[in-house]
Amino acid sequence: MRRLANLFLLGILATGLGGAGQPPPQRPIVLTAADRADLDRVSAYLNSIHTLTGDFIQIDPDGQIDQGRFYIQKPGRVRFEYKPPNPVLIVSDGTTVAVVNRKLNTIDRYPLSATPLDLVLSDDIDLSHDNEVMAVKRQPGELTIEARSSTNRTKSNISLVFADPVLELRQWTVIDDQGQTTTVALRDLDQGATIDGQMFVLKGTRKAVGTKSRD
């Protein structure tokens with residue numbers, strides 16, 4: 001079960017900020033003017049992305065490494081393909097996020113609006129006014145944004161790493177409720193790539209949250 005949860009995190013935490021449609025409480029820290037300026041830069045970069053493809057490497061808490069390829073098409077569409085022997089495929093069609101296990105021939109479906117993807121895949125991201133953002137950290141050639149995934153948290157559990165000064169999303173790290181860390185590194189990014197819209201379509205009838213179906 002932990003393994004599937006970590007896999008699903010990859011899909012919902014591609015720059016996973018936001019409160020799943022609920023008004024977040026005020027953040028417990030104060031951002032500086034420099035922080036807000038950098039967040040505005042990152043927001044502009046993310047808003048400039050309409051399609052994006054690339055490869056990813058995922059390092060699980062137990063040290064296991066998975067690789068694959070991802071596709072993003074705004075608004076609302078994303079596809080994460082894991083290389084064999086990993087049987088998982090994650091697809092958002094703009095309304096529903098589906099986690100497919102090809103080995104078990106099952107699909108778990110979740111409303112996009114119930115995941116941070118609903119914000120990430122929008123065309124109007126404004127991180128400087130997003131109360132989930134907790135800190136901005138800088139070092140030569142790198143800008144890191146720390147955020148919380150839940151409005152009930154007082155500390156960050158997500159780190160997003162961007163190349164800087166020419167912004168490009170490079171990596172994110174997620175800490176789960178048990179303190180286990182999952183890291184996803186991106187490479188060979190192609191912004192503006194042409195993507196077939198059928199890549200974000202799955203066969204089968206939509207099911208309720210958390211239910212399983214067979215295609």
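The values are calculated or read from the model by the stated rules, or taken from the named source; none is laboratory data. Everything numeric here is computed off the predicted structure, so don't read it as measured data. Every residue, glycine as well, gets a Cβ built from its backbone with ideal geometry; the counts of neighbours run over all protein chains shown.
Please go through the stretch 69-81 and give me each residue that is assigned to a strand (DSSP E or B), buried (at least 20 other Cβ atoms within 10 Å of the Cβ) and not polar (S, T, N, Q), ordered by number.
Passing the criteria: F70, Y71, I72, R77, V78, R79, F80.
Counting just the residues of the stretch 152-166 that are β-branched (V, I, T) and surrounded by 15 or more Cβ atoms within 10 Å (Cβ to Cβ), which one comes out farthest from A33 (Cα to Cα)?
I158
Under the condition of being on the phi < 0 side of the Ramachandran plot and exposed (fewer than 14 other Cβ atoms within 10 Å of the Cβ), which residue from the stretch 182-192 is farthest from the chain's Cα centre (by Cα)?
Only one residue tops the list, namely D190.
Do you know which residues across the stretch 92-151 are in contact with a strand residue (DSSP E or B) (Cβ under 7 Å, 6 or more places away or on another chain), of a type in the set (S, T, N, Q) and modelled with pLDDT of 85 or more?
S92, T96, N101, T106, T144
Quick one: which residue in L143, L169 is crowded, with 18+ Cβ neighbours inside 10 Å, more than 16 Å from A34 (Cα to Cα) and in contact with a Phe, Trp or Tyr (Cβ under 8 Å, 6 or more places away or on another chain)?
L169
Here's the yes/no breakdown for (1) farther than 25 Å from N131 by Cα; (2) touching a residue at least 40 places away in the same chain (Cβ under 8 Å):
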site	(1), (2)
D60	yes, yes
G68	yes, no
P75	no, yes
V78	no, yes
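Would you call R36 closer than 21 Å to P165 by Cα and either modelled with pLDDT of 90 or more or not in a strand (DSSP E or B) (or both)?
So R36 passes the test.
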